[in-house]
């Protein structure tokens, strides 16, 4: 079992040494605890009790209720991205100006099963506005209709397209390129960074927000935060079952912590939540990158849960996380 709280990697950013962190002493902020209490009292059915179609509809209704209002931008444009032979994915471009800007490919969260362009519209607008760069949000194909590795292939296909003719077609600078995402999108972003390295495709940054990186949910944080902390263990298992066969879960394209090596991948920025089942594996992957000589920024936000970055109307930590991630993105792409 990997217990990232005991790892001793050197991490940049304001987070304390992971050795001093204790899952057992983690406590929710008053705002986070109040929100979770309201969610419990609303008796919303958990995702694992729904069909994929019903789960998508439920998430679509609720995803931006507590997010920041959608910020106006100079450019918001529907795009179709050719990601592979005969496969095109919808996407949405966000930019604060019509200049030839660098661009981040954004991959939304949702367990590879739910989520889309509208559920992450506000977040992508905030990154474009705060960082001063373009953001291309990809509507990659979802499971169970399109199981592993379809989401990986779509994501990396879009990154290759941006690095090639895509950015030029959009009036952007594909030589200054980043990839980022939250939750399952963070996993896909980490995988894309590894694939980009192998393909000789230069990346300025991988932005990994509460990513999953392990195969079997066997870290201590999965045990401690299994229930009552927004992302439930039963729902995680349900997402994984929809997306990938058990026999394939040690494929590093699903669990990037299992990649043969991580040398030479792009600079990484991690945004993690203390009370998240995925926090151990996020810290573990950051530690592995740092040990391989990869520059790592890590921000760990105390007392909040998975998906906190999309709860800006009620959590001050969401504002802080968006601003910090955007600053790293700005530095990486604009210098």
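Rank-order 43-52, 289-298 by packing density, defined as the average count of other C-beta atoms within 10 Å over each peptide's residues, highest first. Each step should come with its number before you reach the end.
Working: 43-52: 13.6, 289-298: 18.5.
Highest mean packing first, the order is 289-298, 43-52.
Calculated from DSSP H runs of 4 or more alone, at -39500 (n - 2.57) each and per residue, what is the 222 nm mean residue ellipticity of the chain, nearest 500?
So the calculated ellipticity at 222 nm is -10500 deg cm²/dmol.
Tell me, in nm to one decimal, what length is gained between residue 223 and residue 49 on full extension, where the rule is 0.36 nm per residue of separation less the Cα-Cα distance? List each step's numbers first, then the result.
On the way: separation 174, 0.36 × 174 = 62.64 nm, distance 2.07 nm.
60.6 nm is the gain from fully extending residue 223 to residue 49.
Let a ≥ b ≥ c be the square roots of the eigenvalues of the Cα gyration tensor of the range 26-141; is it rounded (a/c under 1.5), or, if not, prolate (a/b larger than b/c) or oblate? Write out the running numbers ahead of the final one.
Details: a/c = 2.71, a/b = 1.43, b/c = 1.89.
Oblate, since a/c reaches 1.5 and b/c is not below a/b.
Mind running the shape call on the chain? Use the C-alpha gyration tensor, a ≥ b ≥ c as the square roots of the eigenvalues: rounded below 1.5 for a/c, prolate if a/b tops b/c, oblate otherwise. List each step's numbers first, then the result.
Values: a/c = 1.30, a/b = 1.22, b/c = 1.07.
It is rounded, given that a/c, with a ≥ b ≥ c, falls under 1.5.
Among 185, 86, 264, which one shows the biggest mean-square fluctuation in a GNM of the chain, springs joining Cα atoms closer than 10 Å?
Greatest mean-square fluctuation among the candidates belongs to 86.
Mind giving me the nanometre distance, one decimal, between the label points for residue 198 and residue 145, set 7 Å out from Cα along Cα→Cβ?
For the pair residue 198/residue 145, the computed spacing is 2.8 nm.
Using the 10 angstrom Cβ neighbour count as an exposure proxy, how do 234, 173, 287, 261 rank, fewest first? List each step's numbers first, then the result.
Details: 234 13, 173 17, 287 21, 261 10.
Arranged by neighbour count, lowest to highest, 234, 173, 287, 261 become 261, 234, 173, 287.
Considering the chain as a Gaussian network with a 10 Å cut-off on Cα pairs, which listed residue, 61, 179, 314, attains the greatest mean-square fluctuation?
61
Assuming R0 = 35 Å, what is the FRET efficiency of residue 327 and residue 247, from their Cβ-Cβ distance, to the nearest 0.05? Each step should come with its number before you reach the end.
Numbers: r = 42 Å, r/R0 = 1.19.
For residue 327 and residue 247, the calculated efficiency is 0.25.
With springs only between Cα atoms under 10 Å apart, run a GNM on the chain and tell me which of 207, 136, 258 wobbles the most.
Largest GNM mean-square fluctuation: 258.
Quick one: work out the % antiparallel among DSSP beta bridges in the chain, nearest 5. Provide the component values of the computation, followed by the final result.
Details: 13 of 41 bridges.
Taking every DSSP beta bridge with both residues in the chain, the antiparallel ones total about 30 percent.
Kindly list the residues of the range 120-151 that lie in the label zone of residue 77, defined by a backbone N under 13 Å from the point 7 Å along the Cα-to-C-beta vector.
Residues 134-137 fall inside that zone.
Each value in this text was obtained by applying a stated rule to the coordinates, not by laboratory testing. These numbers come from a predicted model, not from an experiment. No Cβ is skipped: glycine too gets one built from the backbone with ideal geometry, and neighbour counts run over all protein chains shown.
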